[in-house]
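Peer 1: One structure, pasted below without further comment.
FYI, it's all coordinate maths here, none of it is from the lab. Just so you know, these numbers come straight off a predicted model, no measurement behind them. Glycine also receives a Cβ, built like all others from the backbone with ideal geometry; neighbour counts cover every protein chain displayed.
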Amino acid sequence: MPRTMLKDEHWTRLKPILLELNIYDKGNLRQTVEGVLYRMRVGCPWRDLPEYFGKPNTIYKAYQRWSRSNKLIALFTLLIKEADLEWVFIDGTHIKAHQHSSSGNENLQSISKSVAGRATKIHLAVDAHGNPITFLLSDGTTHDVKVAPDLIDKVNLSNTEVLCADKGYDSDALRAHIEQAGTQDNIPRKRNTQYSNDHMDWDLYKARHLVENAFAKLKQYRAVATRFDKLKQSYENTVALACAYIWLKL
């Protein structure tokens with residue numbers, strides 16, 4: 001029997017949420033979910049799923065239905081409970097796009113080509129404990145600071161004291177956007193600027209490793225660490241499922 005990811009206590013918590021999302025309660029629902037999680041973990045083609053989970057085509061079709069309606073993204077949102085938004089950390093990471101993800105509309109699917117090959121980016125926001133609270137995808141060559149305003153707008157910062165990021169996010173426009181959102185930034189200025197870093201809380205800045213730790217947790221799943229999905233929506237739902245699983249285990 002292949003290694004599974006859902007313990008009984010996980011399934012007890014997860015099943016009512018799936019039903020709330022109008023996912024039909026078939027007798028093999030748990031096996032189907034396990035099959036989707038297995039593919040996320042090992043990154044295998046759908047046709048290579050072990051027979052233990054059921055017919056591979058059945059599991060693939062279920063995943064496609066859930067992805068088209070963004071139900072896995074909704075699952076991630078519903079599993080977030082009592083996020084600690086006193087501090088919020090943001091960052092981005094490159095994800096290599098496998099040749100199987102190539103298509104004629106790569107720019108529309110958040111994939112771009114550079115000297116390092118085809119890639120996409122995950123832009124992630126985590127709470128004060130390093131748990132993911134939201135994310136965005138972009139092509140691999142778009143600078144993080146250009147995506148940051150949209151990422152910040154997805155987070156309710158009304159109770160956030162500080163938003164922390166590295167110096168790659170040093171931008172007056174972004175600082176103004178953060179202030180307008182109702183919080184203050186903890187972003188160091190680059191050396192070639194005329195301003196000082198007197199505003200910095202360097203002790204809090206050291207905690208920025210929390211977002212890096214979150215990326216490490218996500219990248220332990222091969223279908224997240226390497227993008228196999230052609231469609232942006234499919235890959236978004238794969239990343240959302242990985243984020244949801246982090247919350248499920250808490």
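Peer 1: Kirkwood Rh and Cα-based Rg: tell me the resulting Rg over Rh for region 30-122, rounded to two decimals.
Peer 2: That ratio is 1.03, to two decimals.
Peer 1: Further, regarding this structure: Tell me which GluC sites (Glu not before Pro) from region 1-46 have a DSSP coil assignment and no more than 13 other beta carbons within 10 Å of their own.
Peer 2: Those that pass, being in a loop and sparsely packed, number zero.
Peer 1: Would you mind telling me which residue in Leu163, Leu210, Leu21 has the biggest mean-square fluctuation in a Gaussian network model of the chain, where springs connect alpha carbons within a distance under 10 angstrom?
Peer 2: The residue that fluctuates most here is Leu21.
Peer 1: Roughly what percent of Cα-Cα pairs across the chain reach past 34 Å?
Peer 2: Beyond 34 Å sits 21 percent of the P(r) for the chain.
Peer 1: Looking only at Val145, Val224, Val239, which one moves most when the chain is put into a Gaussian network model with springs between Cα atoms under 10 Å?
Peer 2: Among Val145, Val224, Val239, the largest mean-square fluctuation in the Gaussian network model of the chain belongs to Val145.
Peer 1: Could you quote the convex hull projected area for region 155-250, Cα atoms only and averaged over all directions, in nm²?
Peer 2: Answer in nm², one decimal: 8.4.
Peer 1: Also, I was wondering about something else. What angle do you read, to the nearest 10 degrees and between 0 and 90, between the alpha-carbon axis of helix 8-20 and the longest principal axis of the chain?
Peer 2: Rounded to the nearest ten degrees, it is 90.
Peer 1: Given H placed 1.01 Å from N in the peptide plane, which residues other than close sequence neighbours of Arg118 have an amide H under 5 Å from its amide H?
Peer 2: Ala97
Peer 1: To test your reading of the geometry: what angle, between 0 and 90 degrees and rounded to tens, separates the Cα axis of helix 232-248 from the longest principal axis of the chain?
Peer 2: 90 degrees
Peer 1: Still on this model: Please give the helix 56-68 orientation as an angle from the longest Cα principal axis of the chain, in degrees from 0 to 90, rounded to the nearest 10.
Peer 2: 40 degrees
Peer 1: Run the quick spin-label model on Trp46 and Thr193: label points 7 Å from Cα toward the beta carbon, then report their separation in nm to one decimal.
Peer 2: 4.7 nm
Peer 1: What is the extension gain from Lys167 to Lys146, computed as 0.36 nm multiplied by their sequence separation minus the C-alpha to C-alpha distance, in nm to one decimal?
Peer 2: Residue separation times 0.36 nm, minus the Cα-Cα distance, leaves 6.2 nm.
Peer 1: To one decimal place, what orientation-averaged projected area in nm² is obtained for the convex hull of the Cα set of region 87-227?
Peer 2: Seen from a random direction, the Cα hull of region 87-227 projects 9.2 nm² on average.
Peer 1: How many angstrom separate the Cα center of region 236-250 from the Cα center of region 7-53?
Peer 2: 13 Å
Peer 1: Which of the residue pairs Lys7/Lys121; Lys146/Lys167; Lys121/Lys146; Lys81/Lys249 have a Cα-Cα distance greater than 23 Å in the structure shown?
Peer 2: Distance filter (> 23 Å) returns Lys7/Lys121.
Peer 1: Can I ask one more? What is region 87-227's relative contact order, in percent, from Cα pairs under 8 angstrom and six or more apart in sequence?
Peer 2: That works out to 27 percent.
Peer 1: Report P(r) for region 8-69: all Cα-Cα distances, bin width 10 Å, range 0 to the bin holding the largest distance, values in whole percent.
Peer 2: 21, 55, 24, 0
Peer 1: Helix-only estimate, please: 222 nm mean residue ellipticity of the chain, summing -39500 (n - 2.57) across DSSP H runs of length 4 or more and dividing by its residues, to the nearest 500.
Peer 2: -12500 deg cm²/dmol
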